[in-house]
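Here's a structure for you.
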Amino acid sequence: MITAHILLIDDHAMFRTGLSLILGSGLPEAQIIEAGSLDTAIHNTLDNVDVVLLDINLPGLNGMDGIALLKRKWPRAPILILSSQDDAATVSMALVRGAAGFISKAATAEKIIESTRLALRGGFPVPSAATSRSSQRSLTPRQCEVLDLLNQGLSNKLIARQLSLSDNTVRRHVQDILEFFSVQSRAEAVFEARRRGLVGRSER
C-alpha cells in the first residue's frame, strides 16, 4: 500500500533510475516520481508530495534557485538537496534557501534511505561531517543573501539599501565572501558560486 510520495529531481537518467530503485527497495511504502528538470517537476499534476530529493546542478533553473518554487507548490514537503559537493558553503546555502536537509551523492544506499525516511518522519538529515566543517568555516545567512545580490549585479550601495545595512557592513560581508572563495574580485566570487551551483545565472 502506497503511503508516501517521493519526488526525485535529477537530470542524469542513469543516476535517477538507480536511486529510484534503491528508494523503492528500501521504502516499499513509497511511490517514487522522477523528473529530469525543475520545469518538469513543477508542472507535475501530483497534488501530494511528501519528500523532494533535489539535485543542485540542473539544466535551466538550478536546484538552489528552485527550492522556493518547490516550497510554494508543495509547502509541506521537506526538500533534501542531493549533491556530490558537500562542502560547507553548499550545505549552508541549501539550508538558508529553505532545504530541510542534505544528502551527499557519495553516501551509501543505506544512508540515503535512512535520510529519506528521517525526512518523512519530520527530521532534518544533514551529514555530520558537513555540519562539523560548516561550524568551522562557512557563509552566514546574511552573507548568503549578499552573495545572491552580488549574483544579480547589484552594487554595494544597492545591496545596503535592499538589506537595510550600512555600506561598511556590506563591504565587510563582500570581503568575507571573497576570502571564503579565495578570490580577489566580486566577479570571481560570483563565477565560483555559479560553478558550485550555489547561485543560478542572473537574468540581469
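So how many residues does segment 27-65 have that are out of contact with any Pro (no Cβ under 8 Å at 6 or more places or on another chain), of a type in the set (A, V, I, L, M) and closer than 22 Å to MET93 by Cα?
The qualifying residues number 9.
Of the residues in segment 136-169, how many are over 22 Å from ASP65 (Cβ atoms), part of a helix (DSSP H, G or I) and in contact with a helix residue (DSSP H, G or I) (Cβ under 8 Å, 6 or more places away or on another chain)?
6
Can I ask one more? Say we look at segment 40-66 and pick out the residues that are over 21 Å from ARG195 (Cα atoms) and among the acidic types (Asp, Glu); which of these is surrounded by the most Cβ atoms within 10 Å (Cβ to Cβ)?
ASP50
Just give me the residues in segment 103-120 being part of a loop (DSSP other than H, G, I, E, B) and touching a residue at least 24 places away in the same chain (Cβ under 8 Å), in sequence order.
Taking segment 103-120 and keeping what is part of a loop (DSSP other than H, G, I, E, B), we get 105-108.
Passing the criteria: only LYS105.
Quick note: the coordinates plus some simple rules give every number you see, no bench work behind them. As the structure is a prediction and not an experimental result, all values here were calculated from the model. Here Cβ is always computed from backbone atoms with ideal geometry, including for glycine, and neighbour counts include all displayed protein chains.
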